[in-house]
Amino acid sequence: MAAFACDQVQDLTAAPYSEAKFQAALDHAKLQLPTSSTCLTNTKITSYYYDPDNWYLDNTNMQFEIDDGAGSQRNELRGDSFAGTRTDMTFRSRMKVRYGSTYSDRFTVAQIYGETGGQPILRVEFLASRSGLSNRFWGIYRTNAGPLPSYEYQDLGPAPTAFTELKLVYNDNGTVTAQLGTNPKRTWSTNFAYYAQSWKTTYFKTGCYLQDPGDCYVRLSTLVFDT
C-alpha cells in the first residue's frame, strides 16, 4: 500500500503536464497534499514533476489517489484565484470514481472555494448514503458565514464509474450551478451576494478530499477551468 505523503519526482512522460490536454489548466494550478500545504508548486508542475503514489498520469488520464487516508487529508489541484465579482467562471472535467470496499464513504471531488474567509462555497461530494439514496454525487452549498454554517444539498446523480462530465459555474447571473452528465442542472443562490464582493477572491479545486477515512480514487480524462 502506497504511503500518503508528498513525493516529488520529475519525469517527462509520467507527469500530468506531459499530456497536452491538461496543460491549460495546469498552467494555473498547484498540488496540495496531504493537507492544505503545497506539495508541488506551479513551477514544479509545469516542469514535469508528479507524485508517483498519489498524483500522476496513467494512459493519458490524470489520477488522484489516496490509500488509507485520514479524515481531512487531501490530494487536490488548486487553481489560481479570481475576483469574487467575476461572472460565468466555469470548471469542467470528465471524471470517474471508485466506491465501496475500503473506499471512503464521504469524499469531495471538486470545489468552488471562497478564499477570503477560507470556506467552500460549493462542494461536490460523494456520499455513500443520504436521504435514502446510495453512492451519489451531491452539490453542497454554504449559505452563510461564521462558525455555525448551514448548507443546501442537491442530488447531482449517481457517482460516475465511467468518465462523465462535471460542470460548475460560479456567478451565472447571481447563482452557482452544477451539472453531472445529462442529469438536471442544479442551482443555488441563497446569500450569493456575500461571496460576490469586490474585495473577495475565489478559486476552483479538484481531486480527493476525505471527509471520512479510507481510500480515494478520482480519475480525470479532461480538465478545463477559468482563472
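List of remarks:
- Number of the exception - ALA145 against (1) modelled with pLDDT of 95 or more; (2) touching a strand residue (DSSP E or B) at 6+ places or on another chain (Cβ under 9 Å); (3) farther than 23 Å from PHE225 by Cα: (1)
- Of all residues in segment 166-200, those that are touching a Gly at 6+ places or on another chain (Cβ under 6 Å) and either farther than 21 Å from PRO149 by Cα or in contact (Cβ under 8 Å) with a residue 60 or more places away in the chain (or both) total 6.
- Filtering THR85, THR43, THR116 for residues that are polar (S, T, N, Q) and not in a loop (DSSP other than H, G, I, E, B) leaves a single hit, THR43.
- Once segment 97-116 is narrowed to residues that are surrounded by 17 or more Cβ atoms within 10 Å (Cβ to Cβ) and polar (S, T, N, Q), the residue that is farthest from MET62 (Cα to Cα) is SER104.
- Under the condition of being closer than 17 Å to TYR103 by Cβ and either open to solvent by less than 30 Å² (accessible area, probe 1.4 Å) or outside any loop (DSSP other than H, G, I, E, B) (or both), the residues counted in segment 46-61 number 1.
- Selected residue (only one of THR190, THR201, THR227, THR175 is open to solvent by 10 Å² or more (accessible area, probe 1.4 Å) and touching a His at 6+ places or on another chain (Cβ under 7 Å)): THR227
- All of TYR217, TYR203 fail the test of being within 23 Å of THR35 (Cβ to Cβ) and out of contact with any Ser or Thr (no Cβ under 8 Å at 6 or more places or on another chain), apart from TYR217.
- Some residue of segment 62-77 being of a type outside the set (A, V, I, L, M, F, W, C), surrounded by fewer than 19 Cβ atoms within 10 Å (Cβ to Cβ), modelled with pLDDT of 95 or more and out of contact with any strand residue (DSSP E or B) (no Cβ under 6 Å at 6 or more places or on another chain): no
- Take the conditions (1) within 22 Å of LEU210 (Cβ to Cβ); (2) modelled with pLDDT under 95; (3) open to solvent by less than 50 Å² (accessible area, probe 1.4 Å); ALA3 misses just one of them, which is (3).
- Every condition in (1) open to solvent by 10 Å² or more (accessible area, probe 1.4 Å); (2) in a strand (DSSP E or B); (3) closer than 20 Å to ASP172 by Cα; (4) not hydroxyl-bearing (Ser, Thr, Tyr) is met by ARG94 except one, and the failing one is (3).
- Scanning segment 120-142 for residues that are within 28 Å of THR227 (Cα to Cα) and open to solvent by 10 Å² or more (accessible area, probe 1.4 Å) gives PRO120, ARG123, TRP138, ARG142.
- Residue check: ALA110 meets all listed conditions (1) among the hydrophobic types (A, V, I, L, M, F, W, C); (2) more than 20 Å from THR222 (Cα to Cα); (3) assigned to a strand (DSSP E or B) but one, namely (2).
- Number of positions in segment 154-172 that are closer than 23 Å to MET62 by Cα, of a type outside the set (Val, Ile, Thr) and open to solvent by less than 50 Å² (accessible area, probe 1.4 Å): 6
- Long-range neighbours under 8 Å by Cβ, at least six apart or interchain, first residue closer than 16 Å to TYR103 by Cβ within segment 120-146, second part of a loop (DSSP other than H, G, I, E, B) and of a type in the set (D, E, K, R): LEU127/ASP105; ALA128/ASP105; SER129/ASP105
- Looking only at residues in segment 8-40 that are touching a helix residue (DSSP H, G or I) at 6+ places or on another chain (Cβ under 7 Å) and in a helix (DSSP H, G or I), the one that is surrounded by the fewest Cβ atoms within 10 Å (Cβ to Cβ) is GLN23.
The values are calculated or read from the model by the stated rules, or taken from the named source; none is laboratory data. Since the model is a prediction, treat every value here as computed from it, not as a measurement. FYI the Cβ positions are ideal-geometry reconstructions off the backbone, even for glycines, and counts take in every protein chain you see. Just the protein is used for accessible areas: all its heavy atoms, side chains included, with ligands, DNA and RNA removed. Shrake-Rupley method; radii C 1.70, N 1.55, O 1.52, S 1.80 Å.
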